[in-house]
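Here's the structure we're looking at; comments come further down.
Nothing in this text is a laboratory measurement; each read-out follows from the coordinates by a stated rule. It should be emphasised that the depicted structure is a prediction, and the values quoted were computed from it without experimental measurement. Note that we place each Cβ from the backbone using ideal geometry, even for glycine, and neighbour counts take in every protein chain shown.
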């Protein structure tokens, strides 16, 4: 009991640092990067009132009585958004990694590990996450979201999907003795009526988004083209999308090859996750309809060397993902920053590596920064509220000693973070 008491004392003490200070705060910036305008302001002052940005002053003046934070030697920009994470996973390059978490760790233990993951993300400058599935941990992401919102746990604000959706036989845990009823990393859906019921149930339990697995079992056909097994019929996929939209929820589709993309796009999904192999037709449709691509390059680089030891398709997919990224970028597909953190270990890989991978594939530093601010905010339908310096936007700011426009990898070394007007580090 004494240990528990000390734990709650530690949490309570942490909470004191999570509240925005009373009155106004003035953050003096050496270089302020405004991703909305793609402009750099020298010696600007961000004025914060409570948990929101009140104004940006370009004359260097500070409001009377304001608390001053001097970042005059730093580059400052809005808090970052990672639009594809799994905070209840701690790395799953192999099926053994995945099964150890699903089968040997309780949901309570996984939730405790998730509190460490979200703290790592926040300290790396990610003040908002879209978390795309608990992978067998039920609605624990909703509980974690509430705990963060209420100041019990230190972490980014979360947009959660609860239990991702796949049909029978399409997702681990698989391959065990048929007598055993094994846990699943997803919620199983078969048929359009069941699809609607599951979407309704997830929304009732707190889902901000709906997430479906559109394809599986990736391979190359006789002509050398990438293909996969589509998980849902068009009728099922349309029911999932229609019910999500009817309940004012957006829907994300894990989809790796054109086999999955074709059905997902025909049904009207809002984002394609991973999208390792995109055809010209896929790219055209995504650009025409404003379907977001969340490319998750970092997880591809992490899992490919391991998984390709037993299946060479994973190395092929990683190589193809770079070309697909370039094709989508050239076509004007909206690309939102997403890493699939949790697919790699939170404490071993900094999710900000995604920035340099995007730039290496042709993005400018501004485009990469916008992907994790204004573009990701648009994906979340929070334009002007997140990833922005606009008056009324959340007072989320990060700072680094280097210049991200000269070397975007400096965002892997964020050394000052503010979320909702409260100093994190």
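Taking the Cα atoms of the range 37-109, report the difference between the largest and smallest coordinate on each principal axis, in whole Å and largest first.
So the extents along the principal axes, rounded to whole Å, are 58, 27, 21.
Return the FRET efficiency for the residue pair residue 280, residue 64: r is the Cβ-Cβ distance, R0 is 45 Å, and the value is rounded to the nearest 0.05.
0.15
Dividing the convex hull volume of the Cα atoms of the chain by its residue count, what figure in Å³ per residue is obtained?
Given the Cα convex hull of the chain, per-residue volume reads 144 Å³.
Only Cα pairs within less than 10 Å get springs; with that Gaussian network setup on the chain, which residue of 288, 179, 318 has the largest fluctuation?
179
Run through the DSSP bridge list for the range 80-351 and note the antiparallel percent, rounded to the nearest 5.
15
Where does each of 74, 315, 348 land when they are ranked from fewest to most other beta-carbon atoms within 10 angstrom?
Ordered by Cβ neighbours within 10 Å, fewest first: 348, 315, 74.
State whether the range 138-226 is rounded, prolate or oblate according to the following rule on the C-alpha gyration tensor (a ≥ b ≥ c being the square roots of its eigenvalues): a/c under 1.5 gives rounded; otherwise a/b larger than b/c gives prolate, and the remaining case gives oblate.
The shape class here is prolate.
Using a 10 angstrom cutoff on alpha carbons, build the Gaussian network for the chain and name the most mobile of 216, 57, 130.
In this elastic network of the chain, the residue with the biggest mean-square fluctuation among 216, 57, 130 is 57.
Could you tell me the ratio Rg/Rh of the range 97-246? Both radii from Cα atoms, Rh via Kirkwood.
Rg divided by Rh gives 1.01.
Figure the gain on full extension for residue 248 and residue 201 (residue separation times 0.36 nm, minus the Cα-Cα span) and round it to one decimal in nm.
The residue 248-residue 201 span can extend by a further 15.5 nm.
Taking only DSSP H segments of four or more residues, each worth -39500 (n - 2.57), what value at 222 nm results for the chain once the sum is divided by all its residues, to the nearest 500 deg cm²/dmol?
Result for the chain: -10500 deg cm²/dmol, rounded to the nearest 500.
For the residue pair residue 360 and residue 308, what label-to-label distance in nm results when each label sits 7 Å from Cα along the Cα-to-beta-carbon direction?
With each label point 7 Å from Cα toward Cβ, the separation is 1.2 nm.
Using only C-alpha positions, report the orientation-averaged shadow area of the convex hull of the range 264-313, nm², one decimal.
Quarter of the Cα hull surface area: 4.0 nm².
Which FRET efficiency value, to the nearest 0.05, do you get for residue 221 and residue 72 by plugging their Cβ-Cβ distance into 1/(1 + (r/R0)^6) with R0 = 51 Å?
My answer for the efficiency is 0.30.
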